[in-house]
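The values are calculated or read from the model by the stated rules, or taken from the named source; none is laboratory data. All figures in this text were calculated on a predicted structure; none of them were measured in a lab. So basically every Cβ, Gly included, is an ideal-geometry build from the backbone, and we count neighbours across all protein chains shown.
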Ligand SMILES: Nc1ncnc2c1ncn2[C@@H]1O[C@H](COP(=O)(O)OP(=O)(O)OP(=O)(O)O)[C@@H](O)[C@H]1O
Ligand SMILES: [Mg+2]
């Protein structure tokens with residue numbers, strides 16, 4: 001059985017084979033299972049611990065929002081899940097299979113938009129289909145339709161430096177959606193948008209998710225965004241990030257922001273985050 005180099009010997013081997021057989025036979029296999037993920041960076045010869053023994057599962061077609069203080073390790077976690085950096089230790093299973101660092105299972109919208117400056121908007125969003133040699137006309141029409149839906153009609157032939165920050169972010173979202181992956185990693189996809197545009201984008205994303213039932217992990221700093229979108233919210237501690245709490249959002253969609261359960265959940269989450277932010281900035 002293939003075992004990537006970063007799967008620690010402690011959790012590799014027999015235990016994982018048993019785990020896989022049991023979860024398959026009981027039909028309880030999660031879409032993504034993160035086990036004991038730990039990571040640190042070397043910063044000017046000092047070890048900077050960023051992720052500490054992260055454990056969580058994501059179910060098929062589940063929408064999870066990740067919240068945590070700035071600098072706690074959220075983007076690092078996504079970079080590891082997407083296979084851009086190998087973790088120091090721990091393992092990841094996608095559909096019950098080990099995931100190595102070369103997986104292409106995820107559509108990843110990074111925090112920086114990473115648009116190619118020499119390509120037009122249309123050519124930027126068509127990178128995914130181009131890489132998989134999918135040059136059919138319907139993909140181009142789909143791209144144009146998504147750009148239009150996200151308010152970018154008329155800018156198809158513009159270059160990234162001719163766009164605002166929020167527009168670039170929407171182009172990056174279209175590019176991620178066109179990658180046609182069943183699992184999306186969205187790192188603060190609406191961070192550069194004004195409140196009204198953000199609400200519109202959230203609605204569009206929810207509609208798309210409702211139709212395609214992709215599995216989504218979304219990083220946000222906006223508690224309301226997490227509450228409006230997610231089935232479950234995972235709150236991370238300050239760096240090194242570990243799981244602080246997992247909160248099920250058992251509220252019907254569209255979420256009613258005046259509902260007492262919504263208000264109570266919002267208060268609960270803000271209290272958790274305020275405590276941690278105070279800790280990061282050493283406040284009382
Ligand atoms: N390549 C790297 N080399 C060294 N340190 C890094 C590297 N990437 C990230 N870090 C450090 O790891 C920590 C976590 O960074 P990360 O970008 O994952 O945080 P974040 O939770 O996404 O923050 P934000 O909410 O501000 O985007 C930070 O202290 C950062 O300085
Ligand atoms: Mg980040």
All conditions in (1) part of a loop (DSSP other than H, G, I, E, B); (2) under 30 Å from residue 279 (Cα atoms) are true of residue 52 except (1)
Output the residue which, of all residues in region 105-114 that are touching a residue at least 60 places away in the same chain (Cβ under 8 Å) and assigned to a loop (DSSP other than H, G, I, E, B), is nearest to residue 190 (Cα to Cα).
111
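Are there any strands (runs of 3 or more DSSP E) wholly within region 146-250 with 3 or more residues that are away from ligand 1 (no atom under 16 Å from the Cβ) and in contact with a strand residue (DSSP E or B) (Cβ under 8 Å, 6 or more places away or on another chain), and if so which?
Result: 243-248.
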Within 9 Å of ligand 1 (Cβ to nearest atom) and touching a strand residue (DSSP E or B) at 6+ places or on another chain (Cβ under 8 Å) - does that describe any residue in region 81-91?
yes
Considering only residues that are surrounded by fewer than 13 Cβ atoms within 10 Å (Cβ to Cβ) and within 24 Å of the chain's Cα centre (by Cα), which ones fall in region 257-269?
257, 267
For the structure I just gave you, tell me whether residue 99 is at pLDDT below 90 and crowded, with 20+ Cβ neighbours inside 10 Å.
yes
Does residue 32 satisfy the criteria of being away from ligand 1 (no atom under 13 Å from the Cβ) and farther than 30 Å from residue 272 by Cβ?
no
Filter region 68-101 down to residues that are within 16 Å of ligand 2 (Cβ to nearest atom) and either over 21 Å from residue 235 (Cα atoms) or touching a helix residue (DSSP H, G or I) at 6+ places or on another chain (Cβ under 6 Å) (or both), then give me how many there are.
4
